Every structure is written in structure tokens, then in C-alpha cells.
Amino acid sequence: MTYLPRNTVGTHRYGRRGSNARLKRAFLFCAALIGMAGAVWLAVEVKQRRGAKIDSRPREEAVALPSAEATEYVPPFRATTFDGTPFAVASYEGTSAIVLDFWASWCVPCATDMPRLKSVAASFGEDRVAVVGIHRGDTEAAEQGSALTTRLGIDYLLVQDPEGKLFALLSRGKPFMPLTLFIDHDGRVLDRRIGPKTEEEIRVSIAKIVN
């Protein structure tokens, strides 16, 4: 029979006891983690259930959300025409619809749109809709704009925007030209168009504001 030395036997027994202790500590640690996770889950669940009870009203009594697109009204701005006559957009309110068109001589699509705006608006009648061209005087001299309108035979009202304030006010931060706003007789902006427009597109937009 083979015997282990006395000191070796002791070491073997102590090793088994140490291993059992480590297992016990690991088990307790895992149990503690599970307990903490359960407590956190319970707290969140209780909070959510309490929050759900805050608004117990029926659906039809809930606060209505705002519509995706709120009504836009044209600001009551003032300007001057090329000959210095004062202009107020509010003077059209309650009388006729109005088309505001920002333009400049360097804008090629503007030169194409302006005769179309004149022609289509005339077909609806000047008592129903008026076209007002707003010159981007912050980008070129007034003489350059005036030369373009003379060449195109534009005879509707033309006002100046020498510092670009009106464009900044109405463009929503988009620096694109031409910019045309279609406004009904209540001052509501019912359509916006950026870029070149066909006569049919202009007709559809004007129909929205005169009816």
C-alpha cells in the first residue's frame, strides 16, 4: 500500500475546502446579480404602470396633435415700386388673390416664367388675381432688372427688394430662384413653387387661390 506524506494529505484536504468555498462565493455572487436585476425590472414595471394611469381618459378626449402642415399667412410687409410708389401686400387682403414672384435678370428661368405668369393670370381676370414681381435688388442693380422687364413687356406691378429682406422673410431659408408664392384673398399661402413652371402648373396654382 502506498501512503502519501502527511504534509501532502493536508494540502489535498485544504485544496478541496478552498475549491468549495470559491464555488459557494460564485453562487452567492450570481444570486445577488439576479436579485438586483429583478429589483430593477420591478421598479421599471411599476413606474410604467403608474405612468399609464396618468391619462386614463378615452381616446376621443386626448389632446389633439397639430396638423402636419399648419396654415401659412403672408407677413404684412411693405415695399416700393421701381418708381418709388409705396406698396403694402395687405392692401390685397379681402379683395383679390395675389401671386408674389421673386426674380432677377441673371435668373434664366425667371425670364421664362414672367411672361407665363402674366398670360395665365390675365386669363383668370385682373379683378380675381394680381401678380406682383419682387426684384432681387440685393443681387444686381435696379437698372438691370428694369431692362429685363422692358424687353419682356412685363406690365404687372413690380416692387424692389434692395437688401434681400423680403426674400429672406419668405424663402424659408432656401436660396433658390425663381420663387413664386400663391396667396388667396385671406392672405393664406396655398402654394409655393421653386424653379421653372409650365403654364399648366401656374394655372393649377392660381386656381387654388381664386376659388
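Yes/no per residue for (1) in a helix (DSSP H, G or I); (2) in contact with a Leu (Cβ under 9 Å, 6 or more places away or on another chain); (3) among the small types (G, A, S):
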site: P109; (1), (2), (3): yes, no, no
site: T112; (1), (2), (3): yes, no, no
site: A121; (1), (2), (3): yes, no, yes
site: G137; (1), (2), (3): no, no, yes
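Tell me which residues, restricted to the range 77-106, are in contact with a helix residue (DSSP H, G or I) (Cβ under 9 Å, 6 or more places away or on another chain) and farther than 15 Å from F182 by Cβ.
F77, R78, A79, F82, W103, A104, S105, W106
Restrict the check to the range 121-137 and report whether at least one residue is under 23 Å from D83 (Cβ atoms) and loosely packed, with under 15 Cβ neighbours inside 10 Å.
The answer is yes; a qualifying residue exists.
On the given criteria, is A141 within 20 Å of F82 (Cα to Cα) and touching a residue at least 24 places away in the same chain (Cβ under 8 Å)?
no
Just need a number here: residues in the range 139-157 that are assigned to a helix (DSSP H, G or I) and of a type in the set (F, W, Y).
Residues meeting the conditions: 0.
Provide a single number: the residues in the range 69-106 that are in a loop (DSSP other than H, G, I, E, B) and not aromatic (F, W, Y).
Restricting attention to the range 69-106, the residues satisfying the condition of being in a loop (DSSP other than H, G, I, E, B) are 69-72, 74-77, 82-85, 93-96, 104-106.
Keeping just the survivors that are not aromatic (F, W, Y) gives 69-72, 74-76, 83-85, 93-96, 104-105.
Total meeting the criteria: 16.
Output the number of the condition that G173 fails; it satisfies all remaining conditions of (1) in a helix (DSSP H, G or I); (2) surrounded by fewer than 17 Cβ atoms within 10 Å (Cβ to Cβ).
Single failed check for G173: (1).
Only one of these is over 17 Å from P75 (Cβ atoms) and in contact with a Ser or Thr (Cβ under 6 Å, 6 or more places away or on another chain): G145, G133, G125. Name it.
G145
Every read-out reported here was derived from the displayed coordinates using simple, explicitly stated rules and does not represent laboratory data. Remember, it's a predicted structure, so these values are computed and weren't measured experimentally. So basically every Cβ, Gly included, is an ideal-geometry build from the backbone, and we count neighbours across all protein chains shown.
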